[in-house]
Amino acid sequence: MLIDSNDKDGAKVYDMIIRQMLQNLQLSPSIKDMKVFVDSKEVVFIMVVKMDKTSNSTKLSEIANVTYEKEEDKTVLKIFDENYLPNILKLLWREFSRDQLYQPDRYTILLDGDASFLKDLVVFSPKVNLKMRIIDAIFRIIPEGFRVLRELSKDDIVAIVATDEMIKDDWILKCQKYIEEIKD
C-alpha cells in the first residue's frame, strides 16, 4: 500500500485509518494492491484498489430447477438453496411485475409464460459484491465534506477521485496512472 501525500504526518494517519477500516470490514485479504493520493493544499483524495480474484458467479440454473410447463403456460422454479432466495426474488421483481409471480411455498416460484431464459440469470456475483464492499469502505475513508466524486473503476480495480471542488484533469490523469501501475 502506497500513500502519497505532501503531509507526511497526515499520510501516517491515513495509513492507520485505511488499515483499520479494511480490517473492520474484513476486506484486507481481498485487496491485492492499493495506491492513495492525499493533497491537503489542492484538496483532493484519490484511492485506487486492486481487488483479489473472486470465485465465479452463481447462475439460477445452479441453484434451481427451471422448467416451462407448456400446458399451463407457466415457468416453475424449484429452488435448491434457500440462501439465494432474497437475491432471486429481487431480480425477478425487476424483470416481472409482482402479479406475474406466485410463490406457493418457500422453495417454489411460478411465473406466467415461458421464462426458461432465466436459467442463465446471474443470481450472485462475488466480484460485484466485493466491489460494492470496497466502494463502501472508500466512502467511509474519504475525508468529510469531499462530496464531488468521480469513479474510474475498470475490471478488478476500484478507483475514486474525491474533492470538495471541481475535479481537475490532472487528478483524473493521476488516478489513471495509478490504475495502470497496479493493473498487472
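Taken together, the values in this text are just the output of simple stated rules run on the coordinates, not laboratory data. All values derive from a computational prediction rather than experimental measurement. Neighbour counts are summed over all protein chains in view; Cβ atoms, including those assigned to glycine, are modelled from backbone coordinates with ideal geometry.
Comparing mean-square fluctuations of D136, D33, D99 from a GNM of the chain with C-alpha springs under 10 Å, the top value falls on D99. In sequence order, the stretch 149-161 has phi-based couplings of 10, 9, 9, 10, 5, 7, 6, 9, 10, 9, 9, 9, 10 Hz under the Karplus curve 6.51 cos²θ - 1.76 cosθ + 1.60, θ = phi - 60°, and Gly or Pro positions carry x. Taking amide H as placed 1.01 Å from N in the peptide plane, D33 has its amide H under 5 Å from the amide H of K50, each at least 5 places away in sequence or on another chain. Remark: the stretch 132-146, residue by residue, has Karplus-estimated 3J(HN,Hα) of 5, 5, 5, 4, 4, 4, 4, 4, 6, 8, 3, x, 3, x, 7 Hz, where x stands for each Gly or Pro and the curve is 6.51 cos²θ - 1.76 cosθ + 1.60 at θ = phi - 60°. In this structure, the amide hydrogen of V123, modeled 1.01 Å from its nitrogen in the peptide plane, lies closer than 5 angstrom to those of T58, K59, L60, counting only residues at least 5 positions away or on a different chain. The simple spin-label model puts a point 7 Å past each Cα toward its Cβ; for D73 and K90 those points are separated by 3.2 nm. In sequence order, the stretch 56-67 has phi-based couplings of 6, 5, 9, 9, 4, 5, 7, 10, 8, 8, 10, 10 Hz under the Karplus curve 6.51 cos²θ - 1.76 cosθ + 1.60, θ = phi - 60°, and Gly or Pro positions carry x. Which residue fluctuates most in the GNM of the chain (Cα springs below 10 Å): L27, L91, L77? It is L91.
Here the spin labels are modelled as points 7 Å beyond Cα on the Cα-Cβ line, and at M1 and F117 they lie 4.5 nm apart.
Enumerate by residue number the trypsin sites (Lys or Arg not before Pro) in the stretch 130-178 meeting two conditions: DSSP loop (anything except H, G, I, E, B), and at most 16 other Cβ atoms within 10 Å of the site's Cβ. Sites meeting the loop and neighbour criteria: R147, K168.
Overall, the stretch 49-98 carries a charge dipole of about 320 debye about its Cα centre when +1 sits on the Cβ of Lys and Arg and -1 on the Cβ of Asp and Glu, all other atoms neutral.
Ranking of M51, M21 by neighbouring Cβ atoms within 10 Å, starting from the fewest: M21, M51.
Filter the cross-link list K59/K131; K50/K119; K70/K90 down to pairs whose alpha-carbon distance in this structure exceeds 27 Å. Long pairs (Cα-Cα over 27 Å): K50/K119. Using a 7 Å offset from the Cα along the Cα-to-Cβ direction at both K127 and E181, what is the distance between the two label points in nm, to one decimal? Taking the two extended label points, one gets 2.5 nm. Of L60, P126, M47, whose Cα points farthest to the positive end of the dipole of the stretch 47-129 (charges on the beta-carbon: +1 Lys, Arg; -1 Asp, Glu; origin at the Cα centre)? Ranked along the dipole, the leading option is M47.
For the stretch 116-183 and the stretch 55-104, compute the distance between their C-alpha centroids and round to whole Å. Cα centroid of the stretch 116-183 versus Cα centroid of the stretch 55-104: 31 Å apart. Note on the chain: GNM, Cα springs under 10 Å; of K78, K90, K53, the largest mean-square fluctuation is that of K90.
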